[in-house]
Amino acid sequence: MEDVVMSFYSKFKELKAIEEKLINWDLSIVEGGGEFIKSINGGYGHIELKIYSDNREKVIWSVSEKQLPDIYKIKEHIIDTIKTFHGHLVALRGENLNLVYEVTKSSFHAIDSHPQYYAIATIYAIINCFDKSYREFDSEKIMKRATTWGSNL
């Protein structure tokens, strides 16, 4: 488990790759997705986000409980990651920002999903919102691999 926690913090360093884009962002709507898939010993997390300006900061869940069951406090880890990123963004830009972080799509693997993997996937999704070339993301490929607690993806 310690390896997963260290992996999470090392992934936050990857935000450096989009720092200039974050500083110059005009607050228009951005969308992106991220996944964390670990084939050896299993590991799965997938999330897609939309980030945009609004009158107050909030997280909106536009996914069903079937798409992302809130077991193991997965949503709490996603929210903590978003809050950490938001604090970084505010400090980087030197201004208060009222942003909506809307979770638009997610999937769950009954065996391999873990909260920390969703935290890492969230970092990748944020990066993908601002730089599609940084890390390949293919939503359709991800959805084919996922299993969920129901058929409503």
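The values are calculated or read from the model by the stated rules, or taken from the named source; none is laboratory data. Just so you know, these numbers come straight off a predicted model, no measurement behind them. Don't worry about glycine lacking a Cβ; one is built from the backbone with ideal geometry, like all the others, and counts go over all protein chains shown. Side chains are part of the model used for accessible areas, which takes the heavy atoms of the whole protein and leaves out ligands, DNA and RNA. Shrake-Rupley method; radii C 1.70, N 1.55, O 1.52, S 1.80 Å.
Checking the structure you have, find out if any residue of region 76-83 is touching a residue at least 24 places away in the same chain (Cβ under 8 Å) and in contact with an Asp or Glu (Cβ under 7 Å, 6 or more places away or on another chain). Quick ask: steps written out before the conclusion?
Here is the first cut: in region 76-83, the ones touching a residue at least 24 places away in the same chain (Cβ under 8 Å) are 76-78, 80-82.
Within this subset, residues satisfying the condition of being in contact with an Asp or Glu (Cβ under 7 Å, 6 or more places away or on another chain) are none.
Among the residues of region 76-83, not one is touching a residue at least 24 places away in the same chain (Cβ under 8 Å) and in contact with an Asp or Glu (Cβ under 7 Å, 6 or more places away or on another chain), which makes the answer no.
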*Among the residues of region 1-29 satisfying the criterion of being open to solvent by 50 Å² or more (accessible area, probe 1.4 Å), of a type in the set (A, V, I, L, M, F, W, C) and modelled with pLDDT of 95 or more, which is farthest from Thr84 (Cα to Cα)?*
Ile29
*Can you pull out the residues in region 60-99 that are closer than 20 Å to Ser139 by Cβ, among the hydrophobic types (A, V, I, L, M, F, W, C) and not in a helix (DSSP H, G or I)?*
Ile60, Trp61, Val63, Leu68
*Check whether at least one residue in region 107-128 is modelled with pLDDT of 95 or more, surrounded by fewer than 19 Cβ atoms within 10 Å (Cβ to Cβ) and out of contact with any strand residue (DSSP E or B) (no Cβ under 8 Å at 6 or more places or on another chain), and report yes or no.*
no
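Restrict the check to region 32-53 and report whether at least one residue is surrounded by fewer than 21 Cβ atoms within 10 Å (Cβ to Cβ) and of a type in the set (Asp, Glu). Quick ask: steps written out before the conclusion?
Of all residues in region 32-53, those surrounded by fewer than 21 Cβ atoms within 10 Å (Cβ to Cβ) come to 37-43, 50, 52-53.
Narrowing the set further to residues that are of a type in the set (Asp, Glu) leaves none.
No, that holds for no residue.
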_Residues of region 83-106 satisfying the condition of being under 15 Å from Ile29 (Cα atoms) and open to solvent by 60 Å² or more (accessible area, probe 1.4 Å)_ = Asn98
*Does region 68-86 contain at least one residue that is touching a strand residue (DSSP E or B) at 6+ places or on another chain (Cβ under 6 Å), at pLDDT 90 or above and not hydrophobic (A, V, I, L, M, F, W, C)?*
no
